[in-house]
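In what follows, a single structure is set out as structure tokens and then discussed.
The values are calculated or read from the model by the stated rules, or taken from the named source; none is laboratory data. Quick caveat, the model's predicted, so the values are computed rather than measured. Cβ atoms come from the backbone with ideal geometry, glycine included; neighbour counts cover every protein chain shown.
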């Protein structure tokens, strides 16, 4: 069974078609890259998958369950987490606190337990903190867990956002331009982290503009142009696809 499947997904904003009839299947354990020019509909597609927006037409299935139209908190509880193109951390909270926020979707205690500060509430908070520290360690940030997020270097902020997403225990992780703004060394470190995440059994769908990253890490590549899927295949196939070259990659990448 596919972990994720979209069937003729379309999204319109007024008279503008942002996405048209997008069919996509992702198997468990894959790394799939979604590429295309600016305005191709990539982030809009992520918004549909995560409940930030609802398809105008079509269906979305996750582990065989239809999920379109449900709110974001319901979808993340099912096992889909994401990061954002523009980092969305809580700047005045510590790195540890940011990751703990991501973990709270897995809590069992209800509001009354928090209000009355019950023993089960404190026990669960201890477990959340322990899990958050494990996530910080996983991404290599445990030593700076008490630093405010706004004071972290840019590359560490990217890793922190990934750690927060991982804290929700996703089966599918959506990464929106994870290497944007990074220098080559930071990009290489992040590639290693993505591969490490896959080894944990987590499936990954990423939007990425750095072709070196896309071609080096992806099992498959899907290409959007003006909201339409124009190609799908293995990295080498996409690299030599004339329609893709004309729409996005540019002739030098055909070699």
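Looking only at residues in segment 192-231 that are over 22 Å from residue 2 (Cα atoms) and assigned to a loop (DSSP other than H, G, I, E, B), the one that is modelled with the highest pLDDT is 227. Residue 188 meets each of the listed conditions (1) in a loop (DSSP other than H, G, I, E, B); (2) without any contact (Cβ under 8 Å) to a residue 60 or more places away in the chain; (3) surrounded by fewer than 20 Cβ atoms within 10 Å (Cβ to Cβ) apart from (1). Taken over segment 77-94, the criterion of being in contact with a strand residue (DSSP E or B) (Cβ under 9 Å, 6 or more places away or on another chain) and touching a residue at least 24 places away in the same chain (Cβ under 8 Å) is satisfied by 79, 80, 81, 82, 83, 84, 85, 91, 92, 93, 94. Of everything listed in (1) buried (at least 20 other Cβ atoms within 10 Å of the Cβ); (2) closer than 24 Å to residue 104 by Cα; (3) over 12 Å from the mean Cα position of the chain (by Cα), the single unmet condition for residue 227 is (2). Taking segment 43-152 as the region of interest, the helices (runs of 4 or more DSSP H) fully inside it that hold 1 or more residues being at pLDDT below 95 and under 16 Å from residue 169 (Cβ atoms) are 72-78, 95-103, 119-139. Under the condition of being crowded, with 17+ Cβ neighbours inside 10 Å and over 30 Å from residue 65 (Cβ atoms), which residue from segment 161-185 is modelled with the highest pLDDT? Selected residue: 179.
When segment 1-36 is filtered for residues that are over 18 Å from residue 172 (Cα atoms), touching a residue at least 12 places away in the same chain (Cβ under 8 Å) and not in a strand (DSSP E or B), only 36 remains. Within segment 37-76, the set of residues being in contact (Cβ under 8 Å) with a residue 60 or more places away in the chain, over 26 Å from residue 16 (Cα atoms) and within 15 Å of the chain's Cα centre (by Cα) comprises 62, 76.
When residue 189 is tested against (1) at pLDDT below 95; (2) under 13 Å from the mean Cα position of the chain (by Cα), just one condition goes unmet, and that condition is (2). When the residues of segment 55-72 are filtered to those that are surrounded by fewer than 18 Cβ atoms within 10 Å (Cβ to Cβ) and touching a strand residue (DSSP E or B) at 6+ places or on another chain (Cβ under 8 Å), the one that is nearest to residue 212 (Cα to Cα) is 61.
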